[in-house]
Amino acid sequence: MVLSQFQYKDNLPFSSRLAIAQTYVHFDGYHGLVTKLATDFQTNRQQIYAILADVEQGFVPQFPGPKPVEESRLLDRIETLYITNRLLEQKNEQLHRRLRQSVEVTPERLERLLLTRIGEMLPYESL
């Protein structure tokens, strides 16, 4: 199917797009104006509506700051962080258990161990 040049969205120059938007706003968008603009600028009504939508989107007030993300993406991120937090808590608990079972090697304990000659029988891991 061959499309005419008027069916492409970007066949109008910027000045024509501004003129369309200005005319639409100036005449308050009365009934039949889109059809008249399409005829005057030799394009179709869908393109006129697309231009008006682009203009409207450009002038819509926007809140400052980052744009809100979809709620589902936020919930997925929260779930991922929750799982990561649980894994870190488990790892922390394992490390605390190991710490409670460990023995601090101080110079006094090391000297007593060497003086009693028990060190030969104990593996290094038990120190």
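Which of (1) more than 16 Å from residue 22 (Cβ to Cβ); (2) assigned by TED's automatic domain parsing to the domain that holds residue 11 does residue 90 not meet, given it meets every other one?
Every listed condition holds for residue 90 apart from (2).
Looking only at the range 88-120, count every residue that is in a helix (DSSP H, G or I) and in contact (Cβ under 8 Å) with a residue 24 or more places away in the chain and tell me the total.
Residues flagged as in a helix (DSSP H, G or I) and in contact (Cβ under 8 Å) with a residue 24 or more places away in the chain within the range 88-120 amount to 0.
Here is a list of conditions, (1) surrounded by fewer than 10 Cβ atoms within 10 Å (Cβ to Cβ); (2) at pLDDT below 80, and residue 122 meets all of them except one; can you say which number that is?
(1)
Just the residues that are of a type in the set (S, T, N, Q), in a helix (DSSP H, G or I) and without any contact (Cβ under 8 Å) to a residue 12 or more places away in the chain, please, taken from the range 42-73.
Across the range 42-73, the qualifying residues are 46, 57, 72.
Which of the residues belonging to the range 21-37 are within 12 Å of residue 49 (Cα to Cα) and either assigned to a helix (DSSP H, G or I) or modelled with pLDDT of 90 or more (or both)?
Once the filter is applied, which keeps residues that are within 12 Å of residue 49 (Cα to Cα) and either assigned to a helix (DSSP H, G or I) or modelled with pLDDT of 90 or more (or both), the range 21-37 yields 21, 24, 33, 34, 35, 37.
Search the range 1-20 for residues that are within 16 Å of residue 49 (Cβ to Cβ) and pair each with any residue that is modelled with pLDDT under 55 when their beta-carbon atoms are under 9 Å apart and the residues are at least 6 apart or on different chains.
Filtered contacts from the range 1-20: 11/5.
Would the range 74-87 turn up any residue that is on the phi > 0 side of the Ramachandran plot, without any contact (Cβ under 8 Å) to a residue 60 or more places away in the chain and not acidic (Asp, Glu)?
The answer is no, given that none of the residues of the range 74-87 is on the phi > 0 side of the Ramachandran plot, without any contact (Cβ under 8 Å) to a residue 60 or more places away in the chain and not acidic (Asp, Glu).
The values are calculated or read from the model by the stated rules, or taken from the named source; none is laboratory data. Fair warning: this is a prediction, and the values are worked out from it, not measured in the lab. Virtual Cβ from ideal backbone geometry, glycine too; neighbours counted across all protein chains shown.
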